[in-house]
Every structure is written in structure tokens, then in C-alpha cells.
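*Asks:* Please find one structure pasted underneath; my questions will follow.
The values are calculated or read from the model by the stated rules, or taken from the named source; none is laboratory data. These figures come from a predicted structure and were not determined experimentally. Note that each Cβ is placed from the backbone with ideal geometry, even for glycine, and that neighbours are counted across all protein chains shown.
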Number of protein chains: 2
Amino acid sequence: MASVNRHFLELQRTYLFTEIARKVKAYQKANPGRRVISLGIGDVTRPLVPAVIAALHKAVEEMGHAATFHGYGPEQGYPFLREAIAAYDYTAHGLDVSSDEIFISDGAKSDLGNFQELFSQDSVVAVMDPVYPVYVDSNVMAGRAGEYQNARWQRLVYLPCTRENAFVPDFPETRPDIIYICSPNNPTGMALSRHALQEWVDYARHHGCVILYDSAYEAFITDQGIPHSIYEIEGAREVAVEFRSFSKTAGFTGLRCAYTVVPRDVTAVDGKGGRVPLRELWNRRQTTKYNGCPYIVQRAAESVYTPEGRVQVMADVEACHENARRIVDALQQMGLTVFGGVNAPYLWVATPHGMTSWEFFDLLLARAALVCTPGAGFGVAGEGFVRLTAFGTPDDTEEALQRLATVTL
Amino acid sequence: MASVNRHFLELQRTYLFTEIARKVKAYQKANPGRRVISLGIGDVTRPLVPAVIAALHKAVEEMGHAATFHGYGPEQGYPFLREAIAAYDYTAHGLDVSSDEIFISDGAKSDLGNFQELFSQDSVVAVMDPVYPVYVDSNVMAGRAGEYQNARWQRLVYLPCTRENAFVPDFPETRPDIIYICSPNNPTGMALSRHALQEWVDYARHHGCVILYDSAYEAFITDQGIPHSIYEIEGAREVAVEFRSFSKTAGFTGLRCAYTVVPRDVTAVDGKGGRVPLRELWNRRQTTKYNGCPYIVQRAAESVYTPEGRVQVMADVEACHENARRIVDALQQMGLTVFGGVNAPYLWVATPHGMTSWEFFDLLLARAALVCTPGAGFGVAGEGFVRLTAFGTPDDTEEALQRLATVTL
């Protein structure tokens, strides 16, 4: 009798976005003349830049002729893209990452969801709180999370990121085997300093942990001192896997391309006294269960590294920063305390007067027809905050700012 | 201390394609003037058809303008494609499959590799022998295969498909929980009849098994009596999940699009006396660990269902059949016994004079500079056969046939 993976049944339903949609719908029914603007949108709104569009058309044309047609590609990605990434994202910054340590995929969500397969089922997993839900749910499905009690998985180690610790997590009491770190962080918008990251790398080296480093938002870093890659940190090649994406950097959320760096030096124990390079295991995972990112999409990603591609893409990132700065100003005018927005497209806004995140959500919707994302949806430590994003169009952002100016708290 | 998933270490290295490459290289070194032609190629060689190219250009253009840009899409696929598939591949044939039972993905390999996650780790898995390695390896990695002894995994149930049973597997002595069936089959090129498939569906219903039905090659079926979909079989909606792909049908091996049908009625037990619909679990798996197939690729897949798209794509399939017929004729002229090639792009050729599959491989390479795929590489029951494919270009096929005519056995 076929029976299901019981860990799938343990997954908690997240009602965050369903509940937001329900409240927005109710508001719109009661206020039919009022347009709701979302400041919580997690998707890009700008079209793909001209360099990417041109590269796509060219690659599509190649696919229409036998001489230039591309069938199955390497599961790890085409050398032209792996080499462009190695050159521009690593070698150019003096970092030691070679193209065969870079694996192209259809998205950081896929890679972050799948990477846990490489580890033993009894591994102890640490996540920051608040947290991007994929880290948690993929480990729940694999049976690593234990019981769910009081909004916490009993076998997961939580690393609270709070106003008190300036969103830099302290080392946990229980030593984890695997540590997910997201910096610049979704949802807090805060980035770890070089010093903080060095401490985590040292911790991982000392305790034999592997760090799964999600740097999907590195393109948004503006502060000089913030590392763009974990490989800027001494010793990171021994303990850290880095996940990056073209989604937010180059507007690829609908085109799907990302990459994961697995240095040769990152190993884990095999239970028989030996150590196994994770690069080999990830290669085996990808060659067995994945068939590569589309050729035309990889050509599109390659074009992001051309001189015109880089200029065009950075202009979009800068437009996002401009949005963020204006929103931060408006919120501070209201007397609110705002974190993030400088090195990330996310703003983490402390709710006023001890309101819960849902109460503040309700207030912004009722008074200004604005939608944000309640922090409680990202974990226990997210309570007392709401997440805003800077992905909106300039027009929507402008109107949202005018509405915010009318709200008194 | 981070430790690896020990089941990854149990995976057997397959030396099949490495060994073929080594032998071809040695031959070419010894015979520098002789061009080697592969009759074992597993990839399409024809370019994408004009309807698909036009759809891609149009969708790319949309991505370049804010008003028509598409960011994150539904993880399950866009309704336009799910509805086209439901209408043309199912409803038009009188089959009861609705669009929300269809999940779009980047490939059948991904879906076939990932689907096993939905089942308990102690599930007993049956596979046909010879077999497409992804079914086996993905279950080895999940810890379901047991020890590897004498070229067999001890916890897997093998269903030999041999000349003696006309490549229709008998029911096994051990009752499995999950049964992988590939029809039309890779590598044998043989397709299950309606009667045989009904018996397997009845068996699954009686014993509470789930059938994972890989019909990636259904477009190549020419015999009237052979089912194109398992849902043509009574009761299949209760026990069968169907995997299909645009890879071989429409030349999408480099574009990456496939779909999986999970009917609402397919359930498995939850260990607490209840039953869980697999559709819900697959939806949860995909929404957690996958972010959808690119918009432009889904528009390309949609174009395959337009009148011109269908005509163009079927012309390519017919060209493949024409290749197959000519190769079968040539092999039969040599006195060889050939299976498949009628309802599949694969030919399964019995080796002459009791030769092993590698011996026959060596003979074809030495005497005609032709490459095939030794059947032993697909499993114990593949010994005594080689696999040929009909994906080659017309010119290569023509030259291969001329060479075959010079070989006496």
C-alpha cells in the first residue's frame, strides 16, 4: 500500500499571503473607489533591460536553425555562463572561485530547497528568525524539524535577529550542523558586516558546520564595508556554499536563472572517518534530477555581464534604491523607525506604539489603502515589524508617499 | 559536525557513456580519416519549428515592456498552457483530466526525480528492467534501494522486459508500493498494449500501488491500439500519475518544458487510517521548492498546440519515423532481429550469435565506424541488445545505412 512521506503532512500552512489577500479584498469591497497600492510586493516590476532582450532574440534565432540549435546542455550550465560569472563576480574582485565550482540553475529557490538533500537526515539545522520560509519547509519535508510547538520547530535552532542585537544573530546554545544565513537579509533588509560574517565563518570552521549563504540581494549593497560574497571572508571556501540569483539583480523572476557556488574545499563527514566534497554530491544531485537551465536563458544571463548589460541592470537597481530612500524618508517623517533599505530592496519598519504587525497592517490599509507584509509571517522574531519593498513603479511609489504623508500615528 | 546523506555515497557510478566515449576516442585515434556516426544519440537534432520560434520572439518582446512584462508566474504553470494541454491532450481524446491536475515544469527528468519525495522512505519501488536510470538513482538517494549486489538493488523490485515476455513485464512476487512504467519504453522502444496496461492498472488498484507512468514518447505512437495516455484505461485516475514532455515531441530538449498529471483521485495512506491526495502533496512540493517554468518557454509550449505548430511538430516526428523505418530495414537486411521503432524513437536490436552488447558495440564501431548504446548499460535484462535511436539527421542516417550494408555478420 503506497504511503505518503509523513513529514509533508507536518508542514504548517502559511496563511500570510492568503490573509493579506482576504483583507485587501474586504477593504476594496467596502471602498470601491479607492485604489490599493502594495508596498509589500516581492516581485520586480521593471521590464528586462535591452541587452537581455537582444540576447534572448539572438539565442531564439539560433534555436531555429539546425547549425546553431542547442539540445540538451550540461546540467551544470554552459561554460560561457559559468566562466562569465567566475570572471566578473569573483576573479574581478580578487576572489578564488573557479567556473567548475559554479552550478547554473532555474532559481535560488530550487537550489536552496534541494541542497538539504546532501545532508544526513539527523542533521541539526539553524535558521535566522525572521526567515525566508523555504529553508524551514524544505527541512520539515525531509524530516529534520521535529515537532511544531508554539510557532517553533523543536529540532530547528533559531537565531533571532532583533533590534537588540542589531539584526546580527548571536551564536546558539545548541551547535548546529547546517546554518542558513541570508545577507542582505529577506525580510529585514539588513546585511552582515565583514566582522560579523568572519565570526560566523570561524564558528563554522571550529564546529564543523556548513554555512548555506543566500546572497540573492548582493547587488543592492551600497555600504563599502559589507561583503558581497562570503568568499571575501578568510576560510569561507572550507565551510560555505553561496546561492545567488539573477531574479532581483536583473529582473529575471519570470525568466528563471540562478547559480550556486560549491567550492571544492567544502566537505562533510561520511560517517566512516572520511570527508566528502559537497561539490561532488551536488553535481550528482543535479545530473540525476535536473536537466539544465534553458540555453536561451543562459545566454540572457550572460548578457548581464556585457558592458551595456551591466550599466542597464545597475540603473534598475539604482532606481530601486531611489524608491527605498524616498520611502524611508516618508516613514521617518511619520516618526517611525526603519531598518534596511540601504543594502537591500527590503525595509523593516518597527510598528509604532507597541502595535502588532497585523494591527499596523490594518492601520495602513484602512487609512492609506497601502499594503505591507506583517513581520509575524516570517517568524516569532518578526513580530513588531512590517516588511516593505522598493520594487514598486515610480508612480505607485510617489502616490504611496503622498498617502503616507496624510497618516498621523 | 555536518554529515552527508549516506545514500548519495551508495550510488553506483555509471560508466556507460564514459566507456563509449573512451572507445570512440581510441577508434578515432587509430582511424583519423574515418568519421564516426552515432546511431545512439539520445538528443533531437532538428531545430525548433517556426511556430515555436515565432512564439518565443513574441514572448521575449513582451518581457521588454513594463505593460507586458511577466515576473514570478504560478509555480504550477500559467493557466493558458495548463488549459491548452487539458484541451488538446486530454479532453479532445475524451479523457477526464482538468487543467488544475496538470503541473508544468522544466522537465520530465526533474519531475520523475522529485516525485518520489512524496512517499514514505520505506516504500517498495518497482522498476522495469532495462530501465531509465533516473527512477533508480532518485530512489537510491532517498534510501529506498537497500544494498547493491550482483548489479541489483536488493530492496528494488525488478520487472524484466525480455524477448520471452514480448517486453511486457509479469507481475512481481513481491508486491511493490510504487511502480514506474515507461511506455513507449526507453530503451526498448516497445509500447504496452491497452490490455497489458489495463492489467497493470487493475493490479495497482487491487494492491494499493501508485503507478508513475512515463509517457514522454507518446507522440511517436503509430499503432492504433496503443494508448497514448494511461487515462485511457479504466480506473487509472485512481492510481496513476502521468509524466509527459515537450523534449522529444517538439524538440524542447534545450528549451526545457514538461508536465505531470496528478489526478485528484490518486491517494496514498497517511499511516493514521486516512488517505491523502497526491495532488495536494505535489502542489506543496512544487510551491516550496520550485518557482515555475519561464514565461517565454510556456508560451513556446503553448504554440505547439496551434494548428501550424501541430503540423510542423508532427512533420518532425514523422521524419524521425522515416529514419527509424530505414534503419530497421537495413538491420533486418543484415539478418538482425529488431524491436521498437514503430511507436518510439528507439530501436532495440538483438545482438547476433550470442554476442554481448559490448561485443556488438565493438563490432559496429570497428567495421562501420558506427556508435550504438550497449543494452547492458540499462540493466541486467538489457544484455544481449543494443539501443539505436532515430534522432539523427537524414544525411547521417543515409551514410550510416550505407555503412551497415557493408557489414556481414
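*Asks:* Taking A:MET1 as meeting all but one of (1) facing chain B (nearest Cβ under 7 Å); (2) out of contact with any strand residue (DSSP E or B) (no Cβ under 9 Å at 6 or more places or on another chain), write down the number of the exception.
*Replies:* Every listed condition holds for A:MET1 apart from (2).
*Asks:* Okay, next question. For B:THR253, only one of the following conditions fails: (1) at pLDDT 95 or above; (2) farther than 28 Å from B:PHE391 by Cβ. What is its number?
*Replies:* (2)
*Asks:* Now a separate question. Just one of B:GLY208, B:GLY225, B:GLY235, B:GLY189 is of a type outside the set (Asp, Glu) and crowded, with 18+ Cβ neighbours inside 10 Å; which is it?
*Replies:* Result: B:GLY189 is the single residue among B:GLY208, B:GLY225, B:GLY235, B:GLY189 that is of a type outside the set (Asp, Glu) and crowded, with 18+ Cβ neighbours inside 10 Å.
*Asks:* Of all residues in segment A:385-407, how many are of a type in the set (Gly, Ala, Ser) and either free of Cβ contacts under 8 Å to residues at least 40 places away in the same chain or out of contact with any helix residue (DSSP H, G or I) (no Cβ under 7 Å at 6 or more places or on another chain) (or both)?
*Replies:* Looking only at that region, the number is 1.
*Asks:* Same structure, new question: Which condition breaks for B:THR351 when tested against (1) under 19 Å from the mean Cα position of the chain (by Cα); (2) buried (at least 17 other Cβ atoms within 10 Å of the Cβ)?
*Replies:* (1)
*Asks:* Out of segment A:7-17, which residues are within 7 Å of chain B (Cβ to nearest Cβ) and free of Cβ contacts under 8 Å to residues at least 24 places away in the same chain?
*Replies:* The answer is A:LEU9, and nothing else.
*Asks:* In addition: May I ask you to verify whether A:GLY107 is at pLDDT 95 or above, crowded, with 22+ Cβ neighbours inside 10 Å and more than 21 Å from B:ALA2 (Cα to Cα)?
*Replies:* For A:GLY107, the condition - at pLDDT 95 or above, crowded, with 22+ Cβ neighbours inside 10 Å and more than 21 Å from B:ALA2 (Cα to Cα) - is met.
*Asks:* Take the residues in segment A:18-59 that are within 14 Å of another protein chain (Cβ to nearest Cβ), in contact (Cβ under 8 Å) with a residue 40 or more places away in the chain and in a helix (DSSP H, G or I); name whichever of them is nearest to the chain's Cα centre (by Cα).
*Replies:* A:VAL52
*Asks:* Let me ask you something else. Check every one of the strands (runs of 3 or more DSSP E) wholly within segment A:225-342 and list those with 1 or more residues that are within 12 Å of chain B (Cβ to nearest Cβ). Give the steps one after another, and end with the answer.
*Replies:* Details: elements: A:240-245, A:258-261, A:267-269, A:275-277, A:338-340.
The qualifying strands (runs of 3 or more DSSP E) are A:240-245, A:258-261, A:267-269, A:275-277.
*Asks:* So B:THR222 clears everything in (1) assigned to a strand (DSSP E or B); (2) closer than 30 Å to B:PRO374 by Cα except one condition, right? Which one?
*Replies:* Here B:THR222 clears every test but (1).
*Asks:* Hey, does segment A:83-90 have a residue that's more than 9 Å from chain B (Cβ to nearest Cβ), on the phi > 0 side of the Ramachandran plot and touching a strand residue (DSSP E or B) at 6+ places or on another chain (Cβ under 8 Å)? Give the derivation first.
*Replies:* Applying the first criterion (more than 9 Å from chain B (Cβ to nearest Cβ)) to segment A:83-90 yields A:83-90.
Filter once more, keeping what is on the phi > 0 side of the Ramachandran plot: none.
No, every residue in segment A:83-90 fails to be more than 9 Å from chain B (Cβ to nearest Cβ), on the phi > 0 side of the Ramachandran plot and touching a strand residue (DSSP E or B) at 6+ places or on another chain (Cβ under 8 Å).
*Asks:* Hey, another quick one. Of the residues B:LEU197, B:LEU118, B:LEU159, which is of a type in the set (A, V, I, L, M), within 25 Å of B:PRO374 (Cα to Cα) and buried (at least 21 other Cβ atoms within 10 Å of the Cβ)?
*Replies:* Answer to the selection: B:LEU159.
*Asks:* So the check is Cβ under 7 Å with 6+ separation or different chains; which pairs have a first residue in segment A:140-163 that's touching a residue at least 40 places away in the same chain (Cβ under 8 Å) and in the same structural domain as A:ASN114 (by TED's automatic domain parsing) and a second one that's β-branched (Val, Ile, Thr) and part of a loop (DSSP other than H, G, I, E, B)?
*Replies:* Sorted first by the residue in segment A:140-163, then by its partner, the pairs are A:CYS161/A:THR188.
*Asks:* Yes or no: segment A:189-200 includes at least one residue that is more than 14 Å from chain B (Cβ to nearest Cβ), among the small types (Gly, Ala, Ser) and over 24 Å from A:ALA86 (Cα atoms).
*Replies:* Checked against the condition, which is being more than 14 Å from chain B (Cβ to nearest Cβ), among the small types (Gly, Ala, Ser) and over 24 Å from A:ALA86 (Cα atoms), segment A:189-200 yields at least one hit.
*Asks:* Let me ask something else. Identify the residue in segment B:316-336 that is free of Cβ contacts under 8 Å to residues at least 24 places away in the same chain and not charged (D, E, K, R) and, among all such residues, is surrounded by the most Cβ atoms within 10 Å (Cβ to Cβ).
*Replies:* B:VAL328
Results for (1) closer than 16 Å to B:TRP348 by Cβ; (2) away from chain A (no Cβ under 14 Å); (3) crowded, with 23+ Cβ neighbours inside 10 Å; (4) in contact with a Gly (Cβ under 7 Å, 6 or more places away or on another chain), shown as yes or no for each residue.
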position: B:VAL125; (1), (2), (3), (4): no, no, yes, no
position: B:ARG152; (1), (2), (3), (4): no, yes, no, no
position: B:ARG163; (1), (2), (3), (4): yes, yes, no, no
position: B:PHE171; (1), (2), (3), (4): no, yes, no, no
